[in-house]
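To start, the structure itself, in structure tokens.
Coordinate-derived values only; no laboratory data. Nothing here was measured: the structure is a model prediction, and the numbers come from that model. In this analysis, Cβ positions are derived from the backbone assuming ideal geometry, glycine residues included, and neighbour counts consider all displayed protein chains.
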Amino acid sequence: MVPPRLFLRKCRARRSTPKVADSSKQELTGGQLLAATLIFRRLLAGKVIAADEKMVGILLPPAVGSVLANTAVTLMKKVAVNLNYTLKNDDLNYCIDQCGIKHVLTSRKFIAMKPVELDAELIFLEDLKDQITTFDKIVAGLQAYLLPVFLLERLLGLTSIKPDDLLTVIFTSGSTGEPKGVMLSHHNVGSNIRAVDQVFHITAGDVLMGILPFFHSFGYTAGLWLTLTLDPKTVFHFNPLDARTIGKLCEKHGVTIVMATPTFLRGFLKRCTPEQMKTLDLVIVGAEKLPPELADAFHEKFGVTPTEGYGTTELSPVAAFNVPPHRAGDTDQVTTKPGTVGRVMPGAAAKVIDLDTGDDLSVGQDGLLLISGPNVMLGYLNQPEKTAELITDGWYNTGDIACIDDDGFITITGRLSRFSKIGGEMVPHIKIEQLIENILENSDDENPEPKVAVTAVPHEKKGERLVVLHKPLPPGISVDDVLQKLSDSDLPNLWIPSRDSFCEVEQIPLLGTGKLDLKAVKEMALQKFGPDA
């Protein structure tokens, strides 16, 4: 059954139970969430969104208001496109143009904080709220609480939705180029949610902390639609770096599940207390590599070991995950291996192939990771050639280098785009970054953001030259100290950057998801060390 129809049933089943809340103290039960959704749907369909409009933009951080915007648009059988508010106007307008968006739902409060100039009409939720009449409330109340669900979904036309119909378009971050619109179907997102539920055994007693933005596929699937189609309640906060507020919300609402990135966990470690996290039972991280020392420190302080998973926007996004034994149910199998991203999700398959020949590789060999299954996207919006380039016979080319062990656990060893070819050898940027981050670790530094980014610029003799962008070094540590410790490690000499390849910067460029903005990092390196520098 497609997610919108499951949403109706779950709201009806949880009509008197808190379903969504946020840091602005808004809280709705399942019944109230459905009624509010139907009211906004009624206002949008009757006065704002034309029948021939296929896609509607949403420019809002994760909160109850953005949940309502997404559910209202989806119940109109339109495609909700959550726009990345960390992008510049030109990139936002590129996304709007690609989707043919005419209206963008947002709020006056948000626009006051994040002014934008968009090639679409802004519709403010506050203005819609002022238009709600008593009649609207009565109609929505009757539909939400009394009308049989099978009649309601027919009234709304939801029974005509097919599993492969488009649910959303999520634009990739554009970290290495222009954003690409990833088309995800109802089946893509629904299969991801079923897999997560099947493996982690999500219950009605669980409370999720929703801090990932809905323009990010992890936030959209696991933060938004998992909440709407399964039993748990979710508490939203708009700023994933605001660890102090997140800690207070976790304590107040009894949060049991947090889905985040390692960058955000560092903030929790610095600013949250064990008392605030006492109900925490499951921490799932993705988007970047989980350093073992971070996992150990988190467990030592909060009693929960973060669980690493893996995915991409094109995979809806979850592809693989580790499962803590206490969540795995009755099984004799090994369900988690530190240092890996776990096994491929139920219903999907994974393999690695030789970079040069394309031949399948055997257990334990490093190669290009391919994934197939119901989570593989429909394709890139308006880019059939790019789609065909990355999906062959149902197998999606992740661009990641990995190996798979005897038990099926996947270890990501690098990103194809994050290697340099120096002296004929593949040099991994990520490993060098992690070593330097460890060297610069400062217990007094409360900023969880990355301190280092490694990239490469063209070099006349070697082909490429490694460049290290870094924030101001901690007291008592110099570039020479960093180089000495790199030399003392197990890094080959070829992998160690030269002393004159270090460049101090005020800030390491990041995307709204907390990941490195590789495009901006590259541009900064080229300005300093490129051929035209």
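Under a Cβ-only charge scheme (Lys and Arg +1, Asp and Glu -1), can you give me the dipole magnitude of the chain about the Cα centre, in debye to the nearest 20? Please list the in-between numbers first.
Numbers: 55 positive and 65 negative charges, 488 e Å.
Value, rounded to 20: 2340 debye.
For segment 305-385, run through the trypsin sites (Lys or Arg not before Pro) and keep only the ones in DSSP coil with at most 13 other Cβ atoms within 10 Å of their Cβ. Intermediate results must be reported in sequence, preceding the final value.
On the way: sites: R327, R343, K351; in loops: none.
Hits after loop and neighbour filter: nothing returned.
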Q. Can you list residues whose amide H is under 5 Å from L510's amide H, if they're 5+ apart or on another chain and H is modeled 1.01 Å from N?
A. D517
**Q.** Residues with amide H under 5 Å from that of G379, placed H, sequence gap 5 or more
**A.** M183
**Q.** Tensor-based shape of segment 192-234 (alpha-carbon gyration tensor, a/c under 1.5 rounded, otherwise prolate or oblate)
**A.** oblate
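Mean Kyte-Doolittle of at least 0.0 plus a Cα span of 24 Å or more along the axis: flag which DSSP H helices in the chain meet both, please.
On the way: long enough: 30-47 (26 Å, 0.74).
Helices meeting the criterion: 30-47.
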Q) In what sequence, highest mean first, do 294-300, 191-197 appear when ranked by Cβ atoms within 10 angstrom? A) 191-197, 294-300
Q.
For a quick check: with amide H placed at 1.01 Å from N, whose amide H comes under 5 Å from G399's, ignoring anything fewer than 5 positions away on the same chain?
A. L369
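As a test of understanding, state the convex hull volume per residue of the chain from its alpha carbons, in Å³. Kindly include the intermediate steps, with their values, before the conclusion.
Numbers: hull volume 84.0 nm³, N = 533.
About 158 Å³ per residue, rounded to a whole number.
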**Q.** Phi-based couplings in Hz for segment 352-368 (Karplus 6.51, -1.76, 1.60; Gly and Pro marked x)
**A.** 10, 10, 5, 4, 8, 9, x, 6, 5, 9, 8, 4, x, 9, 6, x, 7
Q | Residue-averaged 222 nm ellipticity for the chain, from DSSP H runs of 4+ at -39500 (n - 2.57), nearest 500 | A | -10000 deg cm²/dmol
Q) If we sort 312-319, 248-255 on the protection proxy, mean other Cβ atoms within 10 Å, highest first, what's the order? A) 312-319, 248-255
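Looking at the chain only, what percent of DSSP beta bridges run antiparallel? Nearest 5 please.
Values: 45 of 74 bridges.
Counting DSSP beta bridges with both partners in the chain, the antiparallel share is about 60 percent.
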Q: Would you list the P(r) distribution for segment 1-129, with all Cα-Cα distances sorted into 10 Å bins from 0 and each bin expressed as a whole %?
A: 12, 43, 34, 10, 0
Q: Could you please state, rounded to a whole Å, how far the C-alpha centre of segment 259-328 is from the C-alpha centre of segment 210-256?
A: 13 Å
Q) What list of ³J(HN,Hα) couplings, whole Hz, do you get for segment 218-229 from phi and the Karplus terms 6.51, -1.76, 1.60, once you set θ to phi - 60° and write x for glycine and proline? A) 5, x, 5, 7, 7, x, 9, 6, 4, 4, 6, 10
Q | segment 474-533 and segment 349-383: distance between their alpha carbon centers, rounded to Å | A | 30 Å
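Beta carbons within 10 angstrom, averaged per residue: use that to sort the peptides 182-190, 213-221, highest first.
Working: 182-190: 23.4, 213-221: 27.1.
Result, highest mean first: 213-221, 182-190.
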